[in-house]
Amino acid sequence: MKFEKWSTLALSVLALTAGPAVAWEPGKPVEIVVAAGAGGASDQMARMMQAAIQKNSLMKQPMVVSLKGGASGAEALIYMKSSAGDPHKVLIAYSLIYMLPLSAKIPFNWRELTPVSIIALDQFVLWDNTTLPHKNVKEFVAAARAANPPFKMGGTGSKREDHVLTVFLEKKTGAKFAYLPYRSGGEAATQLVGNHTQSNVNNPSENLEVWRAGQVRALCVFDKESSRRPRNTRTTWRSRP
């Protein structure tokens, strides 16, 4: 099984229906809406775009990042729904736009957004703290099976990709995890570094800095193919011991 997060720039469905193609420019600041808290992959992507646009003077109007991670991201979806026809609001969209309306029963349909461009493809990785004794997936799974109380797994939001991956791990290994939802991957990374959780399934960009600092260990990537970096993610879930 392959787990990836596609990040797409999207805006309200009515925004691109105004007449023939013309040289349009924003008439006011453009808002990049992020359906999570600070420090996660979507927040990082939005700020990278903001910096690139400003550095290269691609727009006369400023671009601002708006964090709307309330209710596991439902706040952002409802906000975009209420902004139909406004081309000055764009959303960093990913599988959240499909999954959350189903699980949370919110009045939102992904078809209400207009996809603009795919901007990133990020994989999911199983991480633990380097101070813990298990050095690979086999040792981690054995420890998780024996753990009482269960290992704590940190993730972004509830009933989203991180939560689904945690259930996937339980079904594949027989281990049980106590899933703890946080506002962003950045917060999940902080909790893992502080040993408040035993693991997370963050995207590489969310754990990159703490991995470089030697505080977390990448055990495997959830993919059929190995990843070049971080080094430990050359172990795939399919080829786990």
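Which of the residues belonging to the range 29-53 are part of a loop (DSSP other than H, G, I, E, B) and within 18 Å of Ala189 (Cα to Cα)? Write out each step before concluding.
The first filter runs over the range 29-53 and keeps only residues part of a loop (DSSP other than H, G, I, E, B), leaving 29, 35-40.
Correct list: Ala35, Ala36, Gly37, Ala38, Gly39, Gly40.
Residues of the range 152-165 being buried (at least 20 other Cβ atoms within 10 Å of the Cβ) and over 30 Å from Val90 (Cα atoms), which ones? Show your work before the answer.
Start the filter on the range 152-165 by keeping residues that are buried (at least 20 other Cβ atoms within 10 Å of the Cβ), which leaves 153-157, 160-163, 165.
Correct list: Met153 only.
Just wondering, is there one or more residues in the range 206-225 that are at pLDDT 95 or above, over 27 Å from Glu75 (Cβ atoms), of a type in the set (Lys, Arg) and touching a Lys or Arg at 6+ places or on another chain (Cβ under 8 Å)?
yes
All but one of (1) touching a Ser or Thr at 6+ places or on another chain (Cβ under 8 Å); (2) surrounded by fewer than 19 Cβ atoms within 10 Å (Cβ to Cβ); (3) closer than 19 Å to His134 by Cα hold for Lys176, so report the exception by its number.
With respect to (1) touching a Ser or Thr at 6+ places or on another chain (Cβ under 8 Å); (2) surrounded by fewer than 19 Cβ atoms within 10 Å (Cβ to Cβ); (3) closer than 19 Å to His134 by Cα, Lys176 is out only on (1).
Would it be correct to say that Val141 is out of contact with any Lys or Arg (no Cβ under 6 Å at 6 or more places or on another chain), within 30 Å of Ala76 (Cα to Cα) and buried (at least 16 other Cβ atoms within 10 Å of the Cβ)? Quick ask: steps written out before the conclusion?
Numbers: out of contact with any Lys or Arg (no Cβ under 6 Å at 6 or more places or on another chain): yes; within 30 Å of Ala76 (Cα to Cα): no; buried (at least 16 other Cβ atoms within 10 Å of the Cβ): yes.
Considered against the rule, which asks whether it is out of contact with any Lys or Arg (no Cβ under 6 Å at 6 or more places or on another chain), within 30 Å of Ala76 (Cα to Cα) and buried (at least 16 other Cβ atoms within 10 Å of the Cβ), Val141 comes out as no.
Looking only at residues in the range 65-93 that are touching a residue at least 40 places away in the same chain (Cβ under 8 Å) and in contact with a Phe, Trp or Tyr (Cβ under 6 Å, 6 or more places away or on another chain), which one is surrounded by the fewest Cβ atoms within 10 Å (Cβ to Cβ)? If you could, list the steps in order and put the result at the bottom.
The first filter runs over the range 65-93 and keeps only residues touching a residue at least 40 places away in the same chain (Cβ under 8 Å), leaving 69, 72-73, 75-77, 79-81, 83-93.
Narrowing further to those that are in contact with a Phe, Trp or Tyr (Cβ under 6 Å, 6 or more places away or on another chain): 77, 81.
Values: Leu77: 27, Lys81: 16.
Step by step, filter the range 65-93, then rank; the result is Lys81.
The values are calculated or read from the model by the stated rules, or taken from the named source; none is laboratory data. Please read these numbers as outputs of a predicted model, since none were measured by experiment. Cβ atoms come from the backbone with ideal geometry, glycine included; neighbour counts cover every protein chain shown.
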